[in-house]
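Contents: one structure, followed by commentary.
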Amino acid sequence: MQQEIHRRLRALPAVHEVISRLEDDKEFGPFMTNERSLPRVTRCVRQVLQNARETINETITNSFEEFEASLWSTLRKEILEKLKTVETSLQRVINATGVVLHTNCGRALLAPEVARFVAEHAERYSNLELNIKSGERGSRYVHVEELLCRLTGAEAAMVVNNNAAAVLLMMNTFAQGKEVIVSRGELVEVGGSFRIPEVLKAGGAKLVEVGATNKTWLKDYEEAIGPETAMLLKVHSSNYRIEGFTHTVSGAELVELGDRWGVPVMEDLGSGSFFDGASLGFPPEPTIKQAVRFGLSLVSFSGDKLLGGPQAGIIVGKKVFIEKLRANQLTRALRIDKLTLAALEGTLRLYDNEAVEEIPVWRMLSVSLETLQNYAAKLVEALKPNKRITAELKKDFSQVGGGAWPTVKLPTWVCAVKPKNGNVVELENFLRSGPVAIITRIHKDWIFMDVRTLLGGDIEDIVQRLEEWN
Ligand SMILES: *Cc1c(COP(=O)(O)O)cnc(C)c1O
């Protein structure tokens, strides 16, 4: 046995032997275009040979002759597969879940022209913090502040790393060592790592909970106001809804109360939206502009949720409050980089030019049922020649995601597939582990692929991957 193992290990070719054979192999041509491709090929060859060495030590089920006869073709196939898989850690995936703002898949997609604007500023110098007219130092925020004010009707605006940072900054600036009054129904946790009570604590504020989980009245807030009150805070309930016997206090009512007692009122709008979802049949929710019009001192929201831009936390509101935020040393630690800024300016300009349809999030949310049906039917049709799976057109529901309109179920069409051999869990895993990971949803004994979130080229990749299933 030991002798047989040694014999086989000796039969494995050396790295340089493998590489010189691959150099004459047509199929490897695209991976060996120049000298710079050699390190990667060498790395793959080493990994495959190492793997072969380890498997020889495990079990021996065939004769040496059989082993030797298939050795080269096995190694060759494994090296080719390794070369075809993407080497980078961050990879493109196909989002076939129908969740438009999928946090695990990177939330909002940028519009192509916005992505080009970002690429331009990544490769070139810019006036990021340069006032071109005077030649003096400028502020990076001027590139978006005016736009944000115009779009929201606010007096002033400020941008930080994300909405969590925005809330933290508001707490730290205005409520450190003081009390913040929040309704019990709004003490939410968003995506596991952001919990309102904890963010308040991190910002140095003391939380004063009022009302009950399902009902909070204006008088609950009023009774809690005292000499230590720094602000009244309203928080969007984001990814959950309490239904039935409920009552919440609107932003407008809170502002009226705050004004009477001289206490500022701020709101974490969560996703926030410039665009009124009611026009798409979504339940009414105040847009950012409406929230600003209520007279809130500050309003914060995310850049990569319904806004459809980059990860960012945007704060708009009254000038005196924004100025205090700017003066806080924390803003330096929470500041956005130039690529984010370029993506944000580009996206805001699309709203400013009334080109909302260019924003992928809104395009996906407003696409017609008929278009979705045609698209799903096309995928089903393309899968018909594949005899190892069954594909059918089915109706289902998509989700907005990102904590926006959690109860909204958007009617959609999916391409449902199931394997003729093997089970659906294996197929889901197979789709996820191809050269481009395809993220799907298991529904009973089917895999649902919602076409709402598919992009150009995705259908072809799905068809090709499913051809490899057996
Ligand atoms: C999503 C969300 C946040 C966090 O926003 P990020 O931009 O992801 O940091 C905070 N509050 C609410 C209500 C949210 O929905």
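The values are calculated or read from the model by the stated rules, or taken from the named source; none is laboratory data. Predicted, not measured: the structure shown is a model, and the values here were computed from it. All Cβ positions, even for glycine, are placed from backbone atoms using ideal geometry, and neighbour counts span all protein chains on display. Each accessible area value is taken on the protein alone, full model and side chains, heavy atoms only, with ligands, DNA and RNA left out. Shrake-Rupley method; radii C 1.70, N 1.55, O 1.52, S 1.80 Å.
Overview of results
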item: Pairwise centroid distance, computed over Cα atoms, of the range 63-83 with the range 191-259, Å; result: 65
item: Phi to ³J(HN,Hα) by Karplus 6.51 cos²θ - 1.76 cosθ + 1.60 over the range 118-132, Hz, x for Gly, Pro; result: 5, 4, 4, 7, 7, 9, 10, 6, 9, 8, 2, 10, 10, 8, 4
item: Residues with amide H under 5 Å from that of ALA437, placed H, sequence gap 5 or more; result: ILE94
item: Whole-number accessible area per residue in Å² for the range 413-470, which is evaluated in the context of all protein chains at 1.4 Å; result: 44
item: The range 2-83 - percent of accessible surface contributed by carbon and sulfur, probe 1.4 Å; result: 48
item: Carbon/sulfur fraction of accessible area - the range 321-360, other protein chains in place, 1.4 Å, %; result: 45
item: Among 10-19, 222-231, 342-351, the order from most to least packed when residues are scored by Cβ within 10 Å on average; result: 342-351, 222-231, 10-19
item: Assigned charges on the beta-carbon of Lys, Arg, Asp, Glu; the range 2-83 dipole about Cα centre (debye); result: 320
item: Packing-based order for 153-161, 302-310, using average beta carbon neighbours within 10 Å, highest first; result: 302-310, 153-161
item: Cβ-placed point charges (K, R +1; D, E -1), dipole of the range 41-177 about Cα centre in debye, nearest 20; result: 260
item: 222 nm mean residue ellipticity, helices alone, for the chain (DSSP H n ≥ 4; -39,500 (n - 2.57); rounded to 500); result: -12500 deg cm²/dmol
item: Antiparallel %, DSSP beta bridges [both residues in the chain], to 5; result: 60
item: Residues with amide H under 5 Å from that of VAL190, placed H, sequence gap 5 or more; result: ARG195, ILE196
item: Cβ-based charge dipole, the chain, positive-most Cα from LEU187, TYR351, ILE459; result: LEU187
item: Heavy-atom surface of the range 2-83, accessible at 1.4 Å and reported per residue (Å²); result: 67
item: Accessible area of the range 120-172 divided out per residue, in Å², using a probe of 1.4 angstrom; result: 55
item: Electrostatic dipole magnitude of the chain [Cβ: Lys, Arg +1; Asp, Glu -1; Cα centre; debye, to 20]; result: 340
item: Relative contact order (%) - the chain, alpha-carbon pairs under 8 angstrom, separation at least six; result: 19
item: Cα centroid of the range 369-384 to Cα centroid of the range 301-325, whole Å; result: 39
item: Residue (of VAL100, TRP72, GLY153) at the positive-pole extreme of the range 55-163, dipole from beta-carbon charges; result: GLY153
item: Placed amide H near LEU130: partners under 5 Å, 5+ positions off or other chain; result: GLY138
item: Segments 91-99, 136-144, 324-332 sorted - mean Cβ within 10 Å per residue, highest first; result: 91-99, 136-144, 324-332
item: Dipole of the chain [Lys/Arg +1, Asp/Glu -1 at C-beta], most positive-end residue of ASN429, GLY244, GLY211; result: ASN429
item: Spin-label model distance (nm) - ALA119 vs GLU87, 7 Å beyond Cα toward Cβ; result: 2.1
item: Percent carbon-and-sulfur accessible area, the range 189-309, ignoring ligands, DNA and RNA, probe 1.4 Å; result: 53
item: Alpha carbon centroid spacing (whole Å) that separates the range 419-452 from the range 1-33; result: 34
